[in-house]
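*Asks:* Sharing a structure, written as structure tokens. Questions coming.
The values are calculated or read from the model by the stated rules, or taken from the named source; none is laboratory data. The shown structure was predicted, so the numbers you read here are calculated from the model rather than taken from an experiment. No Cβ is skipped: glycine too gets one built from the backbone with ideal geometry, and neighbour counts run over all protein chains shown. The protein model used for the area step is the full one, side chains on, heavy atoms only, and it has no ligands, DNA or RNA in it. Shrake-Rupley method; radii C 1.70, N 1.55, O 1.52, S 1.80 Å.
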Amino acid sequence: MLPELSEAEARERIARRIAAELEDGAIVNLGIGIPQLIPDYVPRGVHIILQTENGTILAGPAKDKDDLRVIDAGGRPISVLPGGCFISSETSFAIMRGGHVDATVLGALQVDQEGSLANWMIPQVRVPGMGGAMDIVAGAKKVYIATRHFDKDGGCKLVKKCTLPLTGRGCVDVIVTEYCVIENTYGHMVVKELADGVSFDELRLNTIMEIEAGPKMKRMEL
């Protein structure tokens, strides 16, 4: 059995792990959900340029969680760091579509073993609109997925083939769940890191997607 974590513990672990990998000086776009937590965990001394879909450059952690005057695309309060600015929606999308974003971090409803992503719609259940996700997965240089391993009904979100409408086909580079870090390596989903208390055999039994153990698989860095 995979160890159980609370929702807060799992979300923090995922956000903290991805934050640790972002490179100093990178231009990064964050999606809605777990990705919105990442500014709270960027290591000291690492300075990333956070770009929000709704038009903020150099977004940072909120100084006041109840101050809704400055928010990201998901409605979460943020701050604007020194040197930052607000830009138009047209300019924001030009940045995303034009290949100027070094990395994006998005949530997922499903990710499949071909690296395809579904994260915007469940037909007849949840249709919030696609937003800019399709633009950003096509334009970002690296696509990270920050997601719980299982959905609320206990189904694995890492599947052989997405059954929900796609956001992007073959676009995912790295998947981080509360249990592992998986890298899309030439079309193979390779487990690079495992969380404490998780074995590869347990992970494989609880994952629908076909996964492989990396040659230098190690414990998740947090």
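*Asks:* Report yes if residue 23 is under 16 Å from the mean Cα position of the chain (by Cα), surrounded by fewer than 17 Cβ atoms within 10 Å (Cβ to Cβ), farther than 18 Å from residue 80 by Cα and of a type in the set (D, E, K, R), otherwise no.
*Replies:* Against the criterion (under 16 Å from the mean Cα position of the chain (by Cα), surrounded by fewer than 17 Cβ atoms within 10 Å (Cβ to Cβ), farther than 18 Å from residue 80 by Cα and of a type in the set (D, E, K, R)), residue 23 qualifies.
*Asks:* Applying the selection to region 159-177, what residues are within 16 Å of residue 205 (Cα to Cα) and more than 12 Å from the chain's Cα centre (by Cα)?
*Replies:* 159, 160 - these are the residues of region 159-177 that are within 16 Å of residue 205 (Cα to Cα) and more than 12 Å from the chain's Cα centre (by Cα).
*Asks:* Checking residue 95 against (1) open to solvent by 50 Å² or more (accessible area, probe 1.4 Å); (2) assigned to a helix (DSSP H, G or I): exactly one of these is not met. Which one?
*Replies:* For residue 95, the exception is condition (1).
*Asks:* Does region 178-185 contain at least one residue that is farther than 25 Å from residue 8 by Cα and not acidic (Asp, Glu)?
*Replies:* Yes; the residues of region 178-185 include at least one that is farther than 25 Å from residue 8 by Cα and not acidic (Asp, Glu).
*Asks:* Quick check, is residue 198 touching a strand residue (DSSP E or B) at 6+ places or on another chain (Cβ under 6 Å) and among the β-branched types (Val, Ile, Thr)?
*Replies:* For residue 198, the condition - touching a strand residue (DSSP E or B) at 6+ places or on another chain (Cβ under 6 Å) and among the β-branched types (Val, Ile, Thr) - is not met.
*Asks:* Take region 3-15 and flag every residue that is open to solvent by 50 Å² or more (accessible area, probe 1.4 Å) and within 13 Å of residue 145 (Cα to Cα).
*Replies:* Selection gives 11 alone.
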